[in-house]
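Only the coordinates and a few stated rules stand behind these numbers; no lab work does. Keep in mind that what you see is a predicted model, and the values were worked out from it rather than measured. Note that we place each Cβ from the backbone using ideal geometry, even for glycine, and neighbour counts take in every protein chain shown.
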Amino acid sequence: MKYDSQDRARVLGTYITETGATVRAAAKVFGVSKSTVHKDVTERLLKEDPALCRSVKTVLERNKSERHIRGGLATRKKYKGI
């Protein structure tokens, strides 16, 4: 589905907040690049809906703090042959 940049920013922000998705996961679901998702939820969303932007920022910070764990699990899974 096609959105203009403001609508896309709001839809992406809502999706990330509701699901706790990473930037990469949201990009895959909506068929856009990671750069586009990041720009939409940090810059465009700040102008459109500051409250939603703060909620998204909280989720993104949590994802960033957990990424070393996800990376370790992925490596473990890779070498275990699962």
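Taking a cut-off of 30 Å between Cα atoms, list the lysines near LYS78, but don't count ones fewer than 8 places away on the same chain.
Cα-Cα hits under 30 Å: LYS28, LYS34, LYS64.
List the aspartates and glutamates whose alpha-carbon lies under 14 Å from that of LYS47, not counting same-chain residues fewer than 8 positions away?
Leaving aside aspartates and glutamates fewer than 8 places away in the same chain, those within reach of LYS47 are ASP7.
Calculate, in nm to one decimal, what VAL29 and HIS68 gain on full extension: separation in residues at 0.36 nm each, minus their alpha carbon distance. Could you put the intermediate results ahead of the total?
Numbers: separation 39, 0.36 × 39 = 14.04 nm, distance 2.26 nm.
Fully extending the segment from VAL29 to HIS68 adds 11.8 nm.
Considering only TYR79, HIS68, ALA21, whose Cα is most displaced toward the positive end of the charge dipole of the chain, charges sitting on Cβ of Lys, Arg (+1) and Asp, Glu (-1)?
Ranked along the dipole, the leading option is TYR79.
What does the chain give for Rg and for Dmax, in Å, if only its C-alpha atoms count?
Both quantities, over Cα of the chain: 14.1, 46 Å.
Mean residue ellipticity at 222 nm from the helices of the chain, using -39,500 (n - 2.57) per DSSP H segment of n ≥ 4 over the full residue count, to the nearest 500 deg cm²/dmol?
-24500 deg cm²/dmol
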